[in-house]
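Asks: Take a look at this one; I'll ask things after.
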Amino acid sequence: MATDSKAFPLVVRNWSDLSSLIEHFSRFSAHDWLFRGVTDETHGLTAKIGREKTRALKESKRIPYRAADEAALFKMFKAQALSHTQRAPVTQLEWLALAQHFGVPTRLLDWTESLLVAAWFAVEKSGVKQDKRNSAIWVTRGVRHISEDSKQDPLKITDPCVYRPAHVSTRIAAQASVLMVCPGPTKEAKLKFVRKIVVERSAEFTIKKRLNACGVNRRLLFPDLQGLAEHLAWLHKHDYLAGYREHGDDIPGTPDSEGQSWL
């Protein structure tokens with residue numbers, strides 16, 4: 001049994017490895033662990049607004065990140081999004097969180113308080129990834145917290161900090177979302193403690209299936225009609241429809257997507 005909270009495995013080869021990590025982090029639950037799942041182990045901790053591939057090629061060169069463009073994008077969102085919100089955000093941080101939530105490139109990085117949620121985001125593309133790279137789960141703790149009612153301008157914050165947004169949408173609540181403000185968005189966030197747990201590609205599908213058995217799936221994490229529809233499409237693709245077929249037939253003996261019998 002580990003006595004050091006930092007002594008945990010950095011490779012997940014199967015569901016048992018992930019289960020061991022769950023036990024580890026629950027044993028040291030007094031720490032403010034945060035997790036971030038990425039589908040490619042080479043993906044670092046750079047916010048989307050600062051990633052090179054966020055912008056298009058222009059005359060064979062990427063359009064560079066510009067602070068003025070980031071500020072302009074944020075200003076446009078605040079001006080044009082108001083008519084689409086039921087409750088107007090109060091602070092600049094809340095506005096930025098809303099922009100991040102709907103896909104606007106920002107200097108925020110999505111993290112979660114749930115290892116299982118992070119694991120799902122790591123393996124979500126299992127079976128459809130075109131490359132052979134592993135996925136990964138980033139782990140950190142001890143990042144400075146900023147109050148949700150802070151009046152600070154998030155574009156002027158100089159050190160990484162985490163912000164727990166109000167549950168203005170069901171997705172934020174379902175995903176146990178925590179947002180990290182990344183100063184200098186073209187560079188990786190500099191954290192005092194950070195580890196990367198690699199999830200081997202060969203284990204991704206089985207882990208996604210086990211997570212679904214635990215109730216962690218797209219229907220739960222994206223609790224709207226789109227999330228439901230995408231989850232049902234995944235169930236249909238892999239023939240996981242037992243209990244909903246007419247007469248409740250489960251087609252006994254048919255091998256599932258892991259090549260094992262259901263019996």
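Asks: When all protein chains stay in place, what accessible area (Å², nearest 10, 1.4 Å probe) is found for Trp111?
Replies: Roughly 10 Å² of Trp111 is accessible to a 1.4 Å probe.
Asks: Could you check which residue among Val128, Val194, Val216 shows the biggest mean-square fluctuation in a GNM of the chain with a 10 Å Cα cutoff?
Replies: Val128
Asks: Let me ask something else about it. Using the alpha-carbon atoms, what tilt in degrees (0 to 90, nearest 10) does helix 201-213 show relative to the longest principal axis of the chain?
Replies: The helix 201-213 is inclined about 80 degrees to the chain.
Asks: Students sometimes get this wrong: rank His167, His43 by accessible area, probe 1.4 Å, all chains present, largest first.
Replies: Final ranking, largest accessible area leading: His167, His43.
Asks: Relative contact order for segment 1-67: what is it in percent, counting Cα pairs under 8 Å that are at least 6 residues apart?
Replies: Normalised by residue count, the contact order of segment 1-67 is 17 percent.
Asks: Leaving out ligands, DNA and RNA, and with a 1.4 Å probe, what % of the accessible surface on the chain is carbon or sulfur?
Replies: Answer for the chain: carbon and sulfur cover 52 percent of the accessible area.
Asks: Here is a further query. Which FRET efficiency value, to the nearest 0.05, is calculated for Lys53 and Arg144 with the Förster distance at 45 angstrom and r the Cβ-Cβ distance?
Replies: About 0.95, to the nearest 0.05.
Asks: Hey, what's the Kirkwood Rh for the chain if you take every pair of different alpha carbons, in angstrom?
Replies: In the chain this quantity evaluates to 20.3 Å.
Asks: Using a 1.4 Å probe, what is the accessible area per residue for segment 34-82, in Å²?
Replies: On a per-residue basis, segment 34-82 sits at 64 Å².
Asks: Rounded to the nearest 5, what is the percent of antiparallel bridges among the DSSP beta bridges in the chain?
Replies: If we restrict to bridges inside the chain, about 85 percent are antiparallel.
Asks: Using a Gaussian network model of the chain whose springs link C-alpha atoms within less than 10 Å, name the residue from Leu45, Leu73, Leu18 with the highest mean-square fluctuation.
Replies: So, out of Leu45, Leu73, Leu18, the one fluctuating most is Leu73.
Asks: Another one. Ranked by accessible surface with a 1.4 Å probe, highest first, in what order do Lys190, Lys78, Lys6 come?
Replies: Accessible-area ranking of Lys190, Lys78, Lys6, largest first: Lys190, Lys6, Lys78.
Asks: With a 1.4 Å probe and every protein chain left in place, tell me how much accessible area Phe28 has, in Å² to the nearest 10.
Replies: 40 Å²
Asks: Ordering Ser16, Ser126 by how much accessible area each has at a 1.4 Å probe, largest first, what is the list?
Replies: Listed by decreasing accessible area, they come as Ser16, Ser126.
Asks: How far, in nm, would the chain grow between Arg66 and Phe28 when pulled straight, counting 0.36 nm per residue and subtracting the alpha carbon separation?
Replies: Working it through step by step, the gained length comes to 9.6 nm.
Asks: Given the whole protein assembly as supplied and a 1.4 Å probe, what does the accessible area of Asp69 come to in Å², nearest 10?
Replies: 50 Å²
Asks: Now, a different point. Counting only GluC sites (Glu not before Pro) that sit in a DSSP loop (anything but H, G, I, E, B) with at most 16 other Cβ atoms within 10 Å, what is the longest stretch of the chain containing none of them?
Replies: Answer - 1-58.
Asks: Who wins for biggest fluctuation among Phe35, Phe121, Phe193 in a Gaussian network model of the chain, springs between alpha carbons below 10 Å?
Replies: With Cα springs under 10 Å in the chain, the top fluctuation among Phe35, Phe121, Phe193 is at Phe193.
Asks: A further question follows. What is the distance in Å between the Cα centroid of segment 202-236 and that of segment 118-164?
Replies: Centre-to-centre (Cα) distance: 20 Å.
The values are calculated or read from the model by the stated rules, or taken from the named source; none is laboratory data. Just so it is clear, the structure is predicted and the values come from calculations on it, not from any experiment. A quick note on method: Cβ atoms are made from the backbone with ideal geometry, for glycine too, and the neighbour counts reach across all protein chains shown. The area values use the complete protein model at the heavy-atom level, side chains included, leaving out ligands, DNA and RNA. Shrake-Rupley method; radii C 1.70, N 1.55, O 1.52, S 1.80 Å.
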